[in-house]
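Everything on this sheet refers to the single structure shown next.
The values are calculated or read from the model by the stated rules, or taken from the named source; none is laboratory data. Everything numeric here is computed off the predicted structure, so don't read it as measured data. Every residue, glycine as well, gets a Cβ built from its backbone with ideal geometry; the counts of neighbours run over all protein chains shown. Side chains are part of the model used for accessible areas, which takes the heavy atoms of the whole protein and leaves out ligands, DNA and RNA. Shrake-Rupley method; radii C 1.70, N 1.55, O 1.52, S 1.80 Å.
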Amino acid sequence: MKPRSGFGRIAGCLLMAAALFIMAAGPVCAEAEMYKGFRKAKYVFLFIGDGMGMPQRSAAEVYLSDEANGGSQKLLAMNQFPAQGVTTTHANNRFITGSAASATAMACGVKTNINFIGVDPELNPVPTIAEVAKEKGMSVGIVSSVSIDHATPAAFYAHQPTRKMYHEIDVDLAESGFDYFGGGGFVDPTGKKSKAPQGDALEIAKRRGYTIITDKTEFMNYDGDKLIAYNNRLPDGKALPYAIDNSALDINLEEFTQKGIDILSKNKNGFFLMVEGGKIDWACHANDAVSAIQDTLAFDNSIKAALDFYKEHPKNTLIIVTGDHECGGMTLGFAGTVYSTQFDVLSKQRLSFQAFTDHIVDKYKKEHAKDGGDFNDIVPMLSYYFGLETQGEGPMVLKDFELAELNKAFQQTMKGDKIKAGTQEYLLYGSYDPLTMKVTHILNQKAGIGWTSYSHTGVPITTSAMGLGCEIFNGFYDNTDIPKKIASIMGVEL
């Protein structure tokens, strides 16, 4: 675009010169100044780490440095972005937010109530940044490691009074017209739990031109458009396996992200792609630091796929990474270890809390339903799956009081008592299996990691950005500002 007047030419030259000066001085986002006012973002990525606050990002980076790089510093991709901001997360009717309200804020730019999806506090539907992008002629994709109708992904294509209306959300997905959905499956596509079923959402999607794929080989070879893809193995809540439990047969978050880029980038008008690392939140609800860290690293790998695309299209690509809230009250520092941390002990954990409960604990409970079992049977399992020992020296050796706590938790597990919120048992174990919770808590504490909650917390989170116009994501702002900032760089209005 050429300036039409002499003044315009002078202003343009000054702007270009200023941009070149800033570029020479430092971060990548400064180059956006060269194109601001002349070029709009054509390719937009929004990455949302569900439950990912500053502690989760820091823990993953320390773990990565200790384990993968011989103790020397190794940075997460998201932590190297040139623009770094701090974002508040409260809901309209509660200080500590939920995923639905927070995702709606980031999709629509409005504060809403807990559990509301794509609507304001009066239940009026509000356009999302993804829908606006689609109306502009861009391709749109939604990816999540949890069910594709879960709160965060749903807030970008659905408009419902509660996140629990999975069937209605599934139908909204099928009728959205978006180009790509990838990750977890559908909770209620046929309306078995709905008061007013609207038909099979998957069949509706097929009639609207979507191809549905669950096989990894078929997925990797797919070269068409209008795709709905989810992993063949969905072990809990129609979500992908935790990253620590992934096998070669599973489609991982990075692969779902890359396929989205491949499909959406065919559109000459550009695209908007939202990617959620949803199981970071689930792992933090269960206070499983290793699973949370591994899913954060998997999330960071999906961001690297976007960075590879950015390198090919640096002049018109924008990448934002944020979280909807922190979860678990994760702290890098534990009272029992004072100032000491030993993140290397975390590498001993072989599987997630979920897999340990489902495949090890539950199996043992069934086998010993009549005799109540023996804690001594469990000790070798703790050694194999978590590296905890009863003899020898070093940080992995269990102290007498830790063994006593594990034995008590084992007895609670074998009784199968329901744990209620507000009880002492709840404070110890949440609503999870007592033995599993006690094992992960002890391992986390040995590393120097503590937890204060089994729920979300109200602390601000980090928002990072790179690419065209990214400098406006510096500073301190609310989550409702995120889609407004994106829209301004895209040249559209919410």
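Full extension from HIS359 to SER453: what is 0.36 nm times the residue separation minus their Cα-Cα distance, to one decimal in nm?
Stretched fully, the HIS359-SER453 segment lengthens by 31.3 nm.
In percent, how large is the relative contact order of segment 231-390, given Cα pairs closer than 8 Å and 6 or more residues apart? Before the final figure, lay out the partial values.
Working: 117 pairs, mean separation 35.6, N = 160.
With pairs under 8 Å counted, the relative contact order is 22 percent.
Over segment 347-494, what is the relative contact order in whole percent, taking alpha-carbon pairs under 8 Å and six or more residues apart? Mind dumping the intermediate values first?
Numbers: 96 pairs, mean separation 24.9, N = 148.
Value for segment 347-494: 17 percent.
Suppose R0 equals 22 Å; then what is the FRET efficiency for ASP478 and LYS304 from their Cβ-Cβ distance, rounded to the nearest 0.05?
Working: r = 28 Å, r/R0 = 1.29.
Approximately 0.20, to the nearest 0.05.
Provide Rg over Rh for segment 159-232; use the alpha carbon set for both Rg and the Kirkwood Rh (inverse mean inverse pair distance).
Numbers: Rg = 12.6 Å, Rh = 12.8 Å.
Taking Rg over the Kirkwood Rh, I get 0.98.
Filter the cross-link list LYS206/LYS226; LYS315/LYS484; LYS206/LYS268; LYS399/LYS438 down to pairs whose alpha-carbon distance in this structure exceeds 18 Å.
Flagged as over cut-off: LYS315/LYS484; LYS206/LYS268.
Over the alpha-carbon set of segment 88-184, work out the extent along each principal axis and list the three values in angstrom, largest first.
On the principal axes, segment 88-184 reaches 35, 27, 22 Å in Cα extent.
In whole Å, what is the distance between the alpha-carbon centres of segment 272-346 and segment 386-464?
With segment 272-346 and segment 386-464 each reduced to a Cα centre, they are spaced 21 Å.
Label HIS313 and HIS368 with points 7 Å out from Cα along Cα→Cβ: what is the distance between them in nm?
According to this spin-label approximation, the distance is 5.6 nm.
Can you tell me how segment 453-494 classifies by the Cα gyration tensor, rounded, prolate or oblate, using a/c under 1.5 as the rounded cut?
On the way: a/c = 3.07, a/b = 1.99, b/c = 1.54.
Taking the square roots of the gyration eigenvalues as a ≥ b ≥ c, segment 453-494 is prolate.
On the accessible surface of the chain, probed at 1.4 Å, how many percent belong to carbon and sulfur atoms? Before the final figure, lay out the partial values.
Numbers: 10750 of 20600 Å².
After summing per-atom areas, the C and S share lands at 52 percent.
Suppose each label sits 7 Å from its Cα in the direction of the beta carbon; what would the PHE95-LYS74 distance come out to in nanometres?
Placing both labels 7 Å along Cα→Cβ, they lie 4.0 nm apart.
Could the peptides 221-227, 113-119 be put in order, highest first, of the mean number of other beta-carbon atoms found within 10 Å of their residues?
Details: 221-227: 13.6, 113-119: 23.6.
Order by mean packing, descending: 113-119, 221-227.
Please give the solvent-accessible surface of LYS311 in Å², to the nearest 10, using a probe radius of 1.4 Å with every protein chain present.
Accessible area of LYS311: about 150 Å².
So, taking all protein chains as they sit and a 1.4 Å probe, how much accessible area belongs to SER453, in Å² rounded to tens?
Looks like 30 Å² after rounding.
Principal axes first, then extents: for the Cα atoms of segment 286-401, list largest minus smallest coordinate on each axis, whole Å, largest first.
Ordered largest first, segment 286-401 gives principal extents of 66, 37, 25 Å.
What nm distance separates the two modelled labels at LEU249 and THR423, each placed 7 Å from Cα along Cα→Cβ?
Distance between the two pseudo-spin positions: 3.8 nm.
Over the chain, calculate the relative contact order: mean separation of alpha carbon pairs under 8 Å at least 6 apart, over the residue count, as a percent.
Details: 1049 pairs, mean separation 126.3, N = 494.
Relative contact order of the chain: 26 percent.
What fraction of the DSSP beta bridges in the chain is antiparallel, stated in percent and rounded to the nearest 5? Before the final figure, lay out the partial values.
Working: 16 of 52 bridges.
For the chain, the DSSP antiparallel bridge percentage is about 30.
Can you give the accessible area per residue of segment 183-225, in Å², using a 1.4 Å probe? Could you put the intermediate results ahead of the total?
Numbers: 2600 Å² over 43 residues.
Accessible area per residue, segment 183-225: 60 Å².
With a cap of 11 neighbouring Cβ atoms within 10 Å, and only residues DSSP puts in a loop, list the GluC sites (Glu not before Pro) found in segment 245-328. Intermediate results must be reported in sequence, preceding the final value.
Details: sites: GLU254, GLU255, GLU276, GLU312, GLU326; in loops: none.
In loop regions of segment 245-328 (DSSP not H, G, I, E or B), there are no sparsely surrounded GluC sites (Glu not before Pro).
If you roll a 1.4 Å probe over the heavy atoms of the protein chains, what accessible area per residue do you get for segment 54-167, in Å²?
Values: 3760 Å² over 114 residues.
Per-residue accessible area for segment 54-167 comes out at 33 Å².
Which distance in Å, rounded to a whole number, links the C-alpha centroids of segment 118-142 and segment 200-244?
22 Å
Using 0.36 nm per residue of separation minus the Cα-Cα distance, give me the extension gain between LYS266 and LYS192 in nm, one decimal. Working shown, then result.
Working: separation 74, 0.36 × 74 = 26.64 nm, distance 3.71 nm.
Between LYS266 and LYS192, full extension yields an extra 22.9 nm.
Hey, what's segment 334-434 come to in accessible area per residue, 1.4 Å probe, Å²? Spell out each step's value before the answer.
Details: 6190 Å² over 101 residues.
That works out to 61 Å² for each residue.
Using only the Cα atoms of segment 303-357, what do you get for the radius of gyration and for Dmax, in Å?
18.5, 50
Straight distance only, please: which aspartates and glutamates reach the Cα of LYS111 with their own Cα at less than 12 Å, same-chain residues fewer than 8 apart left out?
Once the sequence-local aspartates and glutamates are set aside, what remains near LYS111 is ASP120, GLU122, ASP478, ASP481.
I'd like the accessible area for ARG208: 1.4 Å probe, protein heavy atoms, all chains in place, Å² to the nearest 10.
Estimated to the nearest 10 Å², ARG208 gives 130 Å².
Limiting things to C-alpha atoms, what are the Rg and the maximum Cα-Cα separation (Dmax) for the chain, in angstroms?
23.7, 91
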